[in-house]
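One structure below.
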Amino acid sequence: MKNIQSLISQMALEEKAALCTGASPWTTTPVERLDIPELIMSDGPHGVRRVPDVNAMVIESLPATCFPTASCLASTWDVDLLHKMGEALAEECIALNVDVLLGPGANMKRSPLGGRNFEYFSEDPYLAGEMAASLIDGIQSRGVGTSLKHYAANNQEFQRFSISAEVDERTLREIYLPAFEKAVKQARPWTVMCSYNKVNGTFASEHHYLLTDILKNEWGFEGLVVSDWGAVRDRVAALKGGLDLEMPGPQERRVQAVLDAIRSRELDEAVLDEAVRRILNIVFKAKETPKNGTFDVDAHHELAHKIATEGMVLLKNNGLLPLKGQQHIAVIGRAAENAHFQGGGSSHINPTKVAVPFKELKAQSGNAEVTYAEGYPTDDSFRQDMIDQAVGLAQSADVAVLYIALPTFKESEGYDRSDLDLTDQQVALIKAVSNVQPQTVVVLNNGAPVAMSEWIDGVAAVLEGWMMGQAGGAAIADVLFGRVNPCGKLAETFPLKISDTPAHLNWPGGAGEVRYGEGLFIGYRYYDAKEMPVLFPFGYGLSYTQFAYSNAKVSAETFGAADGLTVTVDVTNTGDLAGKEILQVYVHDQQSGLVRPEKELKGFAKVELQPGETRSVSIPLDFRAFAYYHPEYKEWITEDGDFDILIGASATDIRHTLKVTLESSLGLPCILDKESTIREWMADPRGKAVFGSFYDQIETMSRKIFGGGDERYGNESAIGMDIMDMMNDMPLVSVLAFQQSALPMPAEELVDGLLMQVHSMDK
Ligand code: BGC
């Protein structure tokens, strides 16, 4: 390993400034004089989009395996599988001479309309964090870097280059940051990519609080922060904020701006040196892995196939699936011939090969006659003739399999979806076909939920195939014919309609900002709180077998927050087929100082079981499973009290509830201040100790002043209210001000005195 410090001291100011901005769209600036090589980056996240000429921003990339996109990956709930995918991605990076793969994306799915949701894992930060960490670990275990993106609060495409996500601190900490936090702390990505947008008015690329205070200082991120491509507005402000590398390059003006700022002393050279240090660390780390060679195209295609089968989610099945013994299968829908397996934009991969769904189905259909109708056009036009043709075919068959892909004009990077709907043609097609053929299966290819209420009752089965990667066509056939027992479960809620969704009233914003008004309540957290029905809940997915849960236990009924606890449950396959079950553990806080979601996912496990087999599964819950972020303490806190541990097969299918009691040993600092209310004084142990004995006096006085205590009114005052119900939530100083004439000193001084006493108890 090079001595980075000594290298920095040998670098000219111009060389250092140049290193912090790319030399080409995909490479950093080399310094030949000092043997500092370039670093080569490529998209990401579910395949390697290596352009053969790094000076070209977008040209056809070299063939690489297109794995399923993140929606499908997360639906596997399989951290080991994601690790394997990461290893395969790294092998391809090595073969294609890529040092850093730009992914994964760990943004939350705030609304199902987000155009890029297909590239993101989940609406749940815990699940997204687990997935991201495992994928990163897999890639980096082979000496290839990653770029965890897009940090932070980049949850929509509308005005993504400029809009300000207006989000409160607690929501940031509990919803939008934890997946990044988990991935950074656990898997140590070599790079983190800042997002385009502003967060609370400041560009993410300049955000000192996000990049330096939280990411680098609090979470201990050692790698480099790279800009999203074109995310920097002010290079100097970005360096000050903690952004080390600007991409893409070349950008002479940016380099000059840094030089000017240092020469005019606007920018401290130490800030530049720190960015240079971080970049050089990664440049030399990357060079420890020799590049070029080949990768096993077939083995990776097979891995992509395996992942796709594990990620597909069987949403409905009236017993038609798995298909068996049908003599004539009508295959309808152009996605059967033209597999829709990835999304549009920077993640678009040039696949090594593609499993065509129609061919794969035919290959598994034995002697059955398999016929095909295109069903819908490539564009938004309405073609009754295509529907008529499909209906004719469906009528004469034993079963109709509809391959319905949400077109890219409805879903892609760069723009959000305007609705949850399939095209009018697709809806009409499904209805017409299922009308004449009740044995209809709908196979969906999309990156995010679609509305189904118009047609779902008429069809026999629905398989969510996602953007399934290049081998997905074979995975569909495997599931339809039962060669594989489906086991995927949703990593995001499928709502009934768009107006039900959490961000609906605050989407997509305007006048430069989007307000995260729903706060903590995204995804199932929202539907729980509103007691709202959904089409399919978070964590849901069917199998061709059934599972029973029994014997649920916790390692301790009373536990210290720092120790956490372990949940154990037996899972039995009660059906006739081998299968896999994904069980989920949610935590519900029975009472807390600040409002909390009804329940939150804090653990999960995936088990494979033969028919009749039982396995005991243990899931650990740590401090963070019970904690919430308190914006006044500015830290994650736990509180004494009872929690419910919910063990479920989905967010709405809870099989066991266990009550536990947490004893928090957290020594929280006193946060009482001049504005603290009476209730806050009484809730704080120190506050209660110094102030508690005055409470009765204050109550008596207050009632007297407002005419209460008078026998005629009981506890009500002369103005028809219980005055203490109001006073308890008033600042102590304001309550005392009403009683000033009876006090020995000004109310402010009295409160100052009390505050001195409570704060001295902290020391
Ligand atoms: C995307 C990133 C991507 C980068 C490079 C940007 O537009 O937001 O995800 O890695 O381009 O292609």
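Rule-based calculations on the coordinates, nothing more; no lab input. Because the structure is predicted, anything quoted here is derived from the model rather than measured. Reconstructed Cβ throughout: ideal geometry from the backbone, glycine too, with neighbour counts over all protein chains shown.
Worth a mention:
- Computed packing ranks the peptides 368-375, 685-692 as 368-375, 685-692, most packed first, by mean other Cβ atoms within 10 Å.
- Distance in nm between pseudo-label sites at HIS208 and GLU266 (7 Å out along the Cβ direction from Cα): 1.6
- Protection proxy ranking for 19-29, 529-539, 390-400, using the average of other Cβ atoms within 10 Å per residue and placing the highest first: 19-29, 390-400, 529-539.
- Here the translational diffusion coefficient of the range 561-634 follows from Stokes-Einstein with Rh set to the Kirkwood radius across Cα pairs; for 37 °C and 0.692 mPa s it amounts to 228 µm²/s.
- Peptides 158-165, 294-301 ranked from most to least packed, by the mean per-residue count of other Cβ atoms within 10 Å: 158-165, 294-301.
- Averaging over all projection directions, the Cα-based convex hull of the range 423-557 occupies 13.1 nm² in the image plane.
- Over the range 418-457, the hull volume per residue, using the convex hull of the C-alpha atoms, is 69 Å³.
- Scanning residues 5 or more positions from LEU402 or on other chains, those with amide H under 5 Å from its amide H are ILE332, VAL441, VAL442, VAL443, with H placed 1.01 Å from N in the peptide plane.
- Across the range 653-705 the C-alpha pair distances fall into 5 Å bins from zero in the proportions 4, 14, 18, 16, 12, 9, 8, 8, 6, 3, 1 percent.
- Share, in percent, of DSSP beta bridges within the chain that are antiparallel, nearest 5: 55
- Structural descriptor for the range 416-551: relative contact order 23 percent, calculated from alpha carbon pairs under 8 angstrom and at least 6 residues apart.
- Helical mean residue ellipticity (222 nm; -39500 (n - 2.57) per DSSP H run of 4+; nearest 500) of the chain: -9000 deg cm²/dmol
- Here is the list for the range 571-676: GluC sites (Glu not before Pro) lying in DSSP coil, each with at most 14 other C-beta atoms within 10 angstrom of its C-beta, are GLU613, GLU675.
- In terms of its C-alpha gyration tensor, the range 170-298 has an oblate overall shape, because the principal axis ratio a/c (a ≥ b ≥ c, square roots of the eigenvalues) is not below 1.5 and a/b does not outweigh b/c.
- Placing +1 on the Cβ of every Lys and Arg and -1 on the Cβ of every Asp and Glu, with no other charges, gives the range 358-421 a dipole of roughly 260 debye about its Cα centre.
- Relative contact order %, the chain, counting alpha carbon pairs below 8 Å whose residues are six or more apart: 12
- Relative to its residue count, the chain spans a Cα convex hull of 196 Å³ per residue.
- 0 to 90° range, to nearest 10: angle between helix 747-762 axis and the chain longest Cα axis: 60
- Note on the range 683-763: Cα convex hull, mean projected area over all directions, 5.5 nm².
- Binned Cα-Cα distance frequencies in the range 603-657 - 5 Å width, integer %: 4, 13, 18, 20, 17, 11, 8, 4, 3, 1, 0
- Per the Cα gyration tensor, the range 384-425 maps to an equivalent ellipsoid with semi-axes of 29, 11, 7 Å, ordered largest to smallest.
- Amide N of the range 652-669 lying under 15 Å from the label point, which is placed 7 angstrom from the Cα of SER550 along Cα→Cβ: 656
- Fraction in percent of alpha-carbon pairs per bin - 10 Å, the range 351-465: 13, 44, 34, 9, 0
- R0 of 22 Å, Cβ-Cβ distance ILE671-MET726: FRET efficiency to nearest 0.05: 0.45
- With an a/c value of 1.5 or above and a/b not larger than b/c for the gyration tensor axes a ≥ b ≥ c computed over the alpha-carbon atoms, the range 309-404 is described as oblate.
- Cβ-placed point charges (K, R +1; D, E -1), dipole of the range 583-735 about Cα centre in debye, nearest 20: 320
- Angle in degrees between helix 384-396 and the longest Cα principal axis of the chain, rounded to the nearest 10: 70
- The long axis of helix 125-140 is offset from the longest Cα principal axis of the chain by roughly 60 degrees.
- Long-range Cα-Cα pairs in the range 143-199 (distance over 13 Å), rounded percent: 62
- Measuring how big the range 1-149 is from its alpha-carbon positions, Rg and Dmax come out at 17.2, 51 Å.
- Phi angles of the range 357-366 translate, via the Karplus equation with coefficients 6.51, -1.76, 1.60 and θ = phi - 60°, into HN-Hα couplings of x, 4, 4, 5, 5, 4, 4, 9, 9, x Hz per residue; Gly and Pro are given as x.
- 21 Å Cα-Cα reach of LYS306 towards lysines, excluding residues that sit fewer than 8 places from it in its own chain: LYS84, LYS353, LYS359, LYS362, LYS489, LYS580, LYS606
- Antiparallel beta bridges, as assigned by DSSP with both residues in the range 99-208, represent about 20 percent of the total such bridges.
- Mean Cα-pair separation over length for the range 577-729, i.e. relative contact order, pairs under 8 Å, 6 or more apart, %: 16
- Cleavage-rule hits (GluC sites (Glu not before Pro)) in the range 268-368: DSSP loop, at most 16 neighbouring Cβ within 10 angstrom: GLU288, GLU337
- For the range 686-743, GluC sites (Glu not before Pro) are listed when DSSP marks them as loop and at most 12 other Cβ atoms sit within 10 Å of their Cβ; the list is GLU711.
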